[in-house]
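Below: one structure, written as structure tokens.
Throughout, read-outs are computed from the coordinates displayed, never taken from laboratory work. Note that this is a predicted model, so its numbers are computed, not measured. Here the Cβ positions follow ideal geometry from the backbone for every residue, glycine too, while neighbour counts run over all protein chains shown.
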Amino acid sequence: MVSDDPVRDIGEIRLARWGRVAPRGGIPPFEVLDADGGPVEPIRRFLREFVARGNAAGSVRSYAYDLLRWWRFLRAIEVEWDKATSAEVRDFVLWIKQARKTPSAPRQRSAMTAGTVNPVTRKRYQDDRYMVTTVRHSNAVLRTFYEYWIDLGEGPLVNPVPRERVHGRRPYAHRNPLEPFRAQGRLRYNPRPPKRRVRAMPDELWVALFAQMQSNRDRAILALAISTAARASELLGVRGGDVDWGEHLIRVRRKGTGAEQWLPASPDAFVWLRLYFEEIGPVAANEPIWLTLRRRRRGGGGLRRQPMTYEALRAVLRRANERLGTNWSMHDLRHTCALRMLRDKNLTLRDVQVILGHAHLTTTQVYLEEDDHEVIRRVHQHLTAKEEPAPQTSRASMPDGYAEADLAVLLGETRT
């Protein structure tokens, strides 16, 4: 019997740099263009629906890149998008696991550290391999994409990204409607996610990082990040009307949902923010507060202020990391703030969940695991205490009436 399941040499599959993701002013805000510069119609229609369902521009961009990678793979194996089966998805996952990303620029200083562990932060440097989270996100994108086309009746009859059966039956069969609904059955080709280990930045390393900041703007951003636990993208979106000077609050728009939320910040953070505002002058309520200087490409090449981008913020941290020999990221400040709050007995886990903006308490519970730095610090204290000599008991404090030989045995002394 001849199987319809193709046997491909995964290691020999090479993806051509076909197409690209490009921003556009309309809907959707990003689209996938083919080699001729025209939009890939199935992806464009799906992303339009994706926007209509209330998804943010960042999510549209992320989905576009995942679908572009899938399109490149299908072209490499010569399969049309609407003819793909679970065999193609399986081979795609196998290819991602062994493939290396093509860097946009040649590695220079990071070539020797890629994939290694930093001795100061004990964090692993990124390498050119795709992470497990990338594979899982890609599978979720493909399943959503094909669900859309199957509902329209214009795609394959069966979703090529199937779910695992639960105890030999299809997922959710005979579910009791009176019981809380819980998704069952993971996507078939999803790799197991690694266990997350959240670490706090030790106080002395935080002080060293903060000392490397060269401007009041950068000091204000880091001070707000470590006191509010806001994400980098959320901080960069703060406008002039989002600062409450009297109550020491800033308003952010949550990643993904776009929901507005006021977050309390430390007095020190507002001191640095005030110093920064003294430098740049008044900011309108609808204007971003974080500005950077860039040289004009036209009209004389002078300097002008423009909103700070995520890449510019990363460059600030990259320069500081190079001087310190570390690999801290903005997300480390979010983790540090969360763990500091959890160690405060006046705050509950629910309080921390609200500040972090987590939809589910189970996400916040990740921070309840012991931090490696704290465990190592306490064990070092334990070992140091063990090495200290025990205090000698004074004979003068011993009551009268004890025999000399009994005292020698009791106190462990050697008789001469």
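Key figures for this structure:
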item	result
Stretch gain in nm, segment THR363-LYS97, where the contour uses 0.36 nm per residue and the Cα spacing is subtracted	93.1 nm
Cα gyration tensor category, rounded, prolate or oblate, for the stretch 181-323 with a/c compared to 1.5	prolate
Eligible lysines near LYS195 by straight Cα distance, threshold 20 Å, same-chain separation 8 or greater	LYS97, LYS123
Computed E for THR116/HIS380 - FRET, C-beta separation, R0 22 angstrom, nearest 0.05	0.35
Estimated distance in nm for a label pair at ARG314 and ALA140, the labels positioned 7 Å out from Cα along Cα-to-Cβ	2.0 nm
Spacing of the two label points (7 Å from each Cα toward its C-beta) at GLU78 and MET131, in nm	3.7 nm
Residues VAL354 and GLU247, FRET efficiency given R0 of 22 Å [Cβ-Cβ distance, rounded to 0.05]	0.85
Per-pair calculated FRET efficiency, R0 = 30 Å: THR257 and THR85 via Cβ, rounded to 0.05	0.30
